[in-house]
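Encoded as structure tokens, the structure appears first; notes follow it.
The values are calculated or read from the model by the stated rules, or taken from the named source; none is laboratory data. This structure is a prediction, so every number in the text was calculated from the model and none was measured. Counting neighbours? That spans all protein chains shown, and the Cβs are built from the backbone with ideal geometry, glycine included.
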Amino acid sequence: MERITIIGLGLIGGSLGLALKEAKLTDIEIVGYDKDTLAAGEARRLRAVDKSERSLQKAVRGARLVIIATPIMATRGVMEEIAGELRENCVVTDTASTKAIVMEWASQLLPATVSFVGGHPMAGKETSGVQNAEAKLFAGKPYCVIPAPEASEGAMRVVTGIVQLVGARPFFIDADEHDRYVAAVSHLPLVLSSALFTLARGSPAWPELSSLAGSGFLGATRLASTDAELSHDICLTNREGVLHWLDRMVEELGRYRELLQEGQEEELFKTFARAHLDRDAYVTAGPPVREPVAAEELPTSGEQLAALLVGQRLVRRVKDIGKLLEEKQERGRRRGAEGRD
């Protein structure tokens, strides 16, 4: 039986465990680790993992696949701790919201005998903790896949197979591009949501404002309820990307302010109308369709993924048998040569 280890049993790690358990993988054991023993116990109770380990090193020992689903700033320390325990040909992936720095850590800290494939599920919610985990959290959502240059083809297949098993869509992207793009559509909304709430909450009129606030305010400030550690780590590890889009946002707000201040009623109406129409079109039709990955390049079922995970042992076994046969043939040739002499 092969082992998949999930490090970090919060919302994302727990949801991955539930989704993988729902896929009913054969000959696969899902092991969890979390420094919070209560979270680990809850993950077991919810059956997001088959078992949990109290030792990080023990949790990854012998694992074929290791998924790091910790807060971003904890990822480096995890890599340092597990590096010496990873088996040869182990596949390591993560779920961090920023990728360039994580890819750099993996290159520096993980041994050359393993393959690292960065990952980032573009799914989640403002509530955190394994108690809020859902097996369907990733269904239909893009899941960024960023293989390290040294990663094997088999490692990429394993990670994309996992992505498909949990119901997500593999989205292949460069680490730097990932950080620039998600700064606009994920990290900036997080900052704006928090800023809007702190603005209103800091007003002396907050008692009145809060009494009048409706669904619009609640919706716009929903992300302010995101775990503070996650928000902090995102801004710290993607500082340039967030600053770039914050500056662009200041400019855009300035444009709206100018239209209001100067009384440009017609242009103000056109601006709102364009935003209305463009967003409705996006919501209805979705983003432009990217060129799909060839079907034969990806595993498409639990059985195929299990074959990839377990099949590595068979590949090694076949190689060992081949070597034995070659050695036997070589000995036969030597005996034949000695007999002729």
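Could we say that residue 81 is in a loop (DSSP other than H, G, I, E, B) and over 21 Å from residue 20 (Cα atoms) here? No: the conditions fail for residue 81. With 24, 58 as the choices, which residue is in contact (Cβ under 8 Å) with a residue 60 or more places away in the chain, surrounded by fewer than 16 Cβ atoms within 10 Å (Cβ to Cβ) and either in the same structural domain as residue 138 (by TED's automatic domain parsing) or outside any helix (DSSP H, G or I) (or both)? Selected residue: 24, the only one of 24, 58 that is in contact (Cβ under 8 Å) with a residue 60 or more places away in the chain, surrounded by fewer than 16 Cβ atoms within 10 Å (Cβ to Cβ) and either in the same structural domain as residue 138 (by TED's automatic domain parsing) or outside any helix (DSSP H, G or I) (or both).
Comparison of 48, 39 shows that the only residue that is outside the structural domain of residue 234 (by TED's automatic domain parsing), farther than 27 Å from residue 154 by Cα and buried (at least 18 other Cβ atoms within 10 Å of the Cβ) is 39. Scanning region 103-128 for residues being of a type outside the set (S, T, N, Q) and exposed (fewer than 15 other Cβ atoms within 10 Å of the Cβ) gives a total of 4. Condition (residue is more than 23 Å from residue 127 (Cα to Cα) and either surrounded by 13 or more Cβ atoms within 10 Å (Cβ to Cβ) or touching a strand residue (DSSP E or B) at 6+ places or on another chain (Cβ under 6 Å) (or both)) applied to region 271-286: is it met by at least one residue? Yes, the conditions are met somewhere in region 271-286. You will find that of 293, 318, the residue that is touching a strand residue (DSSP E or B) at 6+ places or on another chain (Cβ under 7 Å) and at pLDDT below 60 is 293 and no other. When residue 41 is tested against (1) in contact (Cβ under 8 Å) with a residue 60 or more places away in the chain; (2) assigned to a helix (DSSP H, G or I), exactly one condition is not met: (1). Does residue 101 satisfy being within 16 Å of the chain's Cα centre (by Cα) and either at negative phi or not in a loop (DSSP other than H, G, I, E, B) (or both)? It is true that residue 101 is within 16 Å of the chain's Cα centre (by Cα) and either at negative phi or not in a loop (DSSP other than H, G, I, E, B) (or both).
Residues of region 147-185 that are among the aliphatic types (A, V, I, L, M), out of contact with any helix residue (DSSP H, G or I) (no Cβ under 7 Å at 6 or more places or on another chain) and assigned to a loop (DSSP other than H, G, I, E, B): 151, 168, 173. Checked against (1) more than 30 Å from residue 151 (Cβ to Cβ); (2) touching a residue at least 40 places away in the same chain (Cβ under 8 Å), residue 261 meets all criteria but (2).
Would you point out which residue out of 143, 33 is without any contact (Cβ under 8 Å) to a residue 60 or more places away in the chain, more than 15 Å from residue 9 (Cβ to Cβ), assigned by TED's automatic domain parsing to the domain that holds residue 157 and within 20 Å of the chain's Cα centre (by Cα)? Quick ask: steps written out before the conclusion?
Details: 33 fails: more than 15 Å from residue 9 (Cβ to Cβ).
Criteria check complete, one pass: 143.
All told, residue 110 falls short of being outside the structural domain of residue 232 (by TED's automatic domain parsing) and closer than 24 Å to residue 18 by Cα. Please work out which residue is farthest from residue 243 (Cα to Cα), limiting yourself to region 211-227 and to residues that are part of a helix (DSSP H, G or I) and touching a helix residue (DSSP H, G or I) at 6+ places or on another chain (Cβ under 8 Å). So, considering only residues that are part of a helix (DSSP H, G or I) and touching a helix residue (DSSP H, G or I) at 6+ places or on another chain (Cβ under 8 Å), the one farthest from residue 243 (Cα to Cα) is 217. Screening residue 68 against (1) more than 24 Å from residue 155 (Cβ to Cβ); (2) surrounded by 23 or more Cβ atoms within 10 Å (Cβ to Cβ); (3) out of contact with any Lys or Arg (no Cβ under 8 Å at 6 or more places or on another chain) leaves a single unmet condition, (1).
State whether one or more residues within region 158-171 are more than 15 Å from the chain's Cα centre (by Cα) and either surrounded by 15 or more Cβ atoms within 10 Å (Cβ to Cβ) or in the same structural domain as residue 24 (by TED's automatic domain parsing) (or both). No, because not a single residue in region 158-171 is more than 15 Å from the chain's Cα centre (by Cα) and either surrounded by 15 or more Cβ atoms within 10 Å (Cβ to Cβ) or in the same structural domain as residue 24 (by TED's automatic domain parsing) (or both).
Could you check region 174-201 and list, in sequence order, the residues that are in contact with a Lys or Arg (Cβ under 8 Å, 6 or more places away or on another chain), free of Cβ contacts under 8 Å to residues at least 60 places away in the same chain and either aliphatic (A, V, I, L, M) or in the same structural domain as residue 126 (by TED's automatic domain parsing) (or both)? Residues satisfying the conditions do not exist here. Residue count for region 227-244 under the criterion of being in contact (Cβ under 8 Å) with a residue 24 or more places away in the chain and more than 22 Å from the chain's Cα centre (by Cα): the result is 1.
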